[in-house]
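This report concerns only the one structure given below.
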């Protein structure tokens with residue numbers, strides 16, 4: 001048994017462990033491992049905290065983005081409604097303008113027709129007076145002719161005007 005290499009390896013291992021225990025290697029190894037575990041736990045806690053903050057920032061960004069999209073949609077809807085209202089107002093004003101212009105043109109046309117009719121009547125009356133004057137002056141002579149002529153001209157003017 002003392003000549004087996006495994007026995008001597010086992011004895012050396014036990015002696016090494018006793019020396020390590022006496023020197024406090026186990027305690028410092030355990031302390032180092034505890035410090036490392038604490039550092040890893042702190043890093044994990046910090047990473048968890050950063051992840052939660054990132055999730056909050058992402059949620060805030062998504063909320064702001066949704067709000068901005070809603071505001072943009074509202075602005076677009078209001079602009080379309082305003083454009084339609086302006087177009088309707090412009091159409092109504094245009095129709096009113098056209099109606100007034102049409103009415104003005106119709107009244108000018110009616111006035112021109114009345115003036116033309118009056119001019120035609122005046123010209124016809126003047127021609128009739130001239131014709132009557134010429135006919136009466138040639139056929140009737142004297143003071144009776146002058147009285148008849150004056151009376152006829154007055155009647156013709158009254159009837160034609």
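The values are calculated or read from the model by the stated rules, or taken from the named source; none is laboratory data. Quantities reported herein were computed from a predicted structural model and do not represent experimental measurements. Glycine gets a Cβ as well: all are built from the backbone with ideal geometry, and neighbour counts include every protein chain shown.
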Practice problem: Check region 64-79 and report whether any residue there is within 30 Å of residue 157 (Cβ to Cβ), in a helix (DSSP H, G or I) and out of contact with any strand residue (DSSP E or B) (no Cβ under 9 Å at 6 or more places or on another chain). | Solution: no
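For residue 30, indicate whether it is in a helix (DSSP H, G or I) and either surrounded by fewer than 10 Cβ atoms within 10 Å (Cβ to Cβ) or at pLDDT below 90 (or both). Let's see the steps before the verdict.
Working: in a helix (DSSP H, G or I): yes; either surrounded by fewer than 10 Cβ atoms within 10 Å (Cβ to Cβ) or at pLDDT below 90 (or both): yes.
Spelling it out, residue 30 is indeed in a helix (DSSP H, G or I) and either surrounded by fewer than 10 Cβ atoms within 10 Å (Cβ to Cβ) or at pLDDT below 90 (or both).
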Self-check item: Selected residue (only one of 49, 85, 39 is assigned to a helix (DSSP H, G or I), surrounded by 10 or more Cβ atoms within 10 Å (Cβ to Cβ) and under 29 Å from the mean Cα position of the chain (by Cα))
Solution: 85
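Is it the case, given these coordinates, that residue 6 is in a helix (DSSP H, G or I), without any contact (Cβ under 8 Å) to a residue 24 or more places away in the chain and either exposed (fewer than 10 other Cβ atoms within 10 Å of the Cβ) or touching a strand residue (DSSP E or B) at 6+ places or on another chain (Cβ under 6 Å) (or both)? Explain how you work it out, then say what you get.
On the way: in a helix (DSSP H, G or I): yes; without any contact (Cβ under 8 Å) to a residue 24 or more places away in the chain: yes; either exposed (fewer than 10 other Cβ atoms within 10 Å of the Cβ) or touching a strand residue (DSSP E or B) at 6+ places or on another chain (Cβ under 6 Å) (or both): yes.
Spelling it out, residue 6 is indeed in a helix (DSSP H, G or I), without any contact (Cβ under 8 Å) to a residue 24 or more places away in the chain and either exposed (fewer than 10 other Cβ atoms within 10 Å of the Cβ) or touching a strand residue (DSSP E or B) at 6+ places or on another chain (Cβ under 6 Å) (or both).
When you check residue 158 against the structure, is it surrounded by fewer than 10 Cβ atoms within 10 Å (Cβ to Cβ) and modelled with pLDDT of 70 or more, yes or no? Full working, then the answer.
On the way: surrounded by fewer than 10 Cβ atoms within 10 Å (Cβ to Cβ): yes; modelled with pLDDT of 70 or more: yes.
The answer is yes for residue 158.
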Quiz item: In the list 59, 131, which residue meets the criterion of being within 35 Å of the chain's Cα centre (by Cα) and in a helix (DSSP H, G or I)?
Solution: 59
